[in-house]
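The values are calculated or read from the model by the stated rules, or taken from the named source; none is laboratory data. What you see is a predicted model, and the numbers here were worked out from it, not measured in a lab. Glycine gets a Cβ as well: all are built from the backbone with ideal geometry, and neighbour counts include every protein chain shown.
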Amino acid sequence: MDPTLAETPVPPAERPRGRLPLGRVKGIPLYAHWTFVLLLPVFVFLMARYFTGFGERTAGAQEYFWGAMLAVALFGSVLLHELGHSLTALRMGLKVRSITLLPIGGVSAFDHMPTKPKEEFLVTAAGPAVNFIIGIPLLAAWYAGLIPRAAGLWDEFLYWTAILNLSLGIFNLLLPAFPMDGGRILRSALASRMGLRRGTEVAASVGRVMAFAMGLWGAFTLASGGWLLLLIAFFIFNGATAEEAGVRLRDTLGNLHVGDLMTRTVDTIPETASVEEAFHVMLRTKHLVLPLKDAAGNYTGYVHLNDLSRVPTPEHAWRPVADVAKREVFTAHESDPATAALETINRAGGEPLLVMEGHTLLGILTKTDLLRAVQILEAEHGGGRRFRGARGRATG
């Protein structure tokens, strides 16, 4: 009888590692990265300066209170900016996995970006549009005298909320630095003329040039807040490179399927085997991932070389491999598109896929299998570059 896959709970598409849950909107999980919480007092301090004439007078309890309010308003505006992207994407039938607040902005993670340039333009433009909808009426009301110049620093708070929203909208919309909104709009325009892959390559190159310029300026102005520019430059450079690699990877995989790329000869190991025995099997087979079977022949998880390497050497002989095994099993079918398998692996944090036909294990597919296939195909067609997978979509 063929071994069967034990019924293991399927983990959520996006596992909140290092993120604090903030709730849900339209089914979209909202998170704050732990670094955002850590640096929030810094932003409160910086925002308090807005109410002191930027250091002309000493900040007191009132200024810090309104600084905290302004910091909340700023990141609330960032969250609304991301919801603009995400809710527009939902209307177009895209799946939004999560929104995460970071110290330098927000990240909306989609299963995949729109493939049509027009759709990408609409999804991208929706974020800055939200900031303009907030900022323009507030600023107009402030200049028209419709906001009372009383009640503490309330009028200044609304003024700076308007300015920050307008700055967010303009910065994201007009800066052609991929993967910021302006860079995505540039990519959508280029893609309509030269195709998605070439348009992404050009937009990513522009983004890296902009990141270098911003990083240089941030280094020269480090003492006066340039550190934030350095962070943004680092984010843009890495985001542009990862997005370009992801698009090229998906384009190169083309019409390939899981069955074309998976490893069909799969060695398994009993749950009761020791860590030492697992090392020996890996050494013999050169496989870095081994599925686990229980006494009934059910597949109950798998163990990776990295899991084994964390076990202290004196414990190798007696420690059962089940103690360090991963129990979350991700599966695929032989006929699934390779690009869909890549998305699943990325959502699973890089974990391998067990390729199943009913209850029968046909093989295993890892991200390394996909990357090696891309390297071979690129070399065959004259490319030969190495790739790093993308992790979704990021905006400021």
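Among the residues of region 179-203, those identified as assigned to a helix (DSSP H, G or I), under 21 Å from A129 (Cα atoms) and touching a residue at least 40 places away in the same chain (Cβ under 8 Å) are D181, G183, R184, I185, R187, S188, A189. Under the condition of being surrounded by 15 or more Cβ atoms within 10 Å (Cβ to Cβ) and free of Cβ contacts under 8 Å to residues at least 40 places away in the same chain, the residues counted in region 124-140 number 4.
Do you know which residues across region 233-268 are surrounded by fewer than 21 Cβ atoms within 10 Å (Cβ to Cβ) and aliphatic (A, V, I, L, M)? A242, A245, L256, L261, V266, listed by residue number.
Scanning region 34-74 for residues that are of a type in the set (F, W, Y) and touching a Pro at 6+ places or on another chain (Cβ under 9 Å) yields F36, F43. The residues listed here are I147, I170; of these, the one that is at pLDDT 90 or above and either in a loop (DSSP other than H, G, I, E, B) or of a type in the set (A, V, I, L, M, F, W, C) (or both) is I170. Is it the case that region 303-310 has a residue that's touching a Ser or Thr at 6+ places or on another chain (Cβ under 9 Å) and of a type outside the set (K, R)? Within region 303-310, none of the residues are touching a Ser or Thr at 6+ places or on another chain (Cβ under 9 Å) and of a type outside the set (K, R).
The one condition from (1) surrounded by 18 or more Cβ atoms within 10 Å (Cβ to Cβ); (2) under 30 Å from A109 (Cβ atoms); (3) at pLDDT 90 or above that V275 does not meet is (2). Among the residues of region 345-355, are any over 20 Å from the mean Cα position of the chain (by Cα) and more than 19 Å from L290 (Cα to Cα)? Scanning region 345-355, I find no residue that is over 20 Å from the mean Cα position of the chain (by Cα) and more than 19 Å from L290 (Cα to Cα), so the answer is no. Candidates are the residues of region 145-203 that are charged (D, E, K, R) and surrounded by fewer than 21 Cβ atoms within 10 Å (Cβ to Cβ); the one that is farthest from R248 (Cα to Cα) is R149.
Scanning region 341-377 for residues that are small (G, A, S) and surrounded by fewer than 17 Cβ atoms within 10 Å (Cβ to Cβ), we see that the one that is farthest from D111 (Cα to Cα) is G358. The set of residues in region 233-256 being polar (S, T, N, Q) and touching a residue at least 60 places away in the same chain (Cβ under 8 Å) consists of T241, T252, N255.
With respect to (1) buried (at least 16 other Cβ atoms within 10 Å of the Cβ); (2) touching a Pro at 6+ places or on another chain (Cβ under 7 Å), the lone exception for M282 is condition (2).
No other residue among V44, V78 is within 18 Å of the chain's Cα centre (by Cα), of a type in the set (A, V, I, L, M) and either within 23 Å of F157 (Cα to Cα) or buried (at least 20 other Cβ atoms within 10 Å of the Cβ) (or both) apart from V78. Checked against the criterion of being at pLDDT below 90 and either closer than 19 Å to G105 by Cα or in the same structural domain as T268 (by TED's automatic domain parsing) (or both), the candidates G18, G60 yield just one match: G18.
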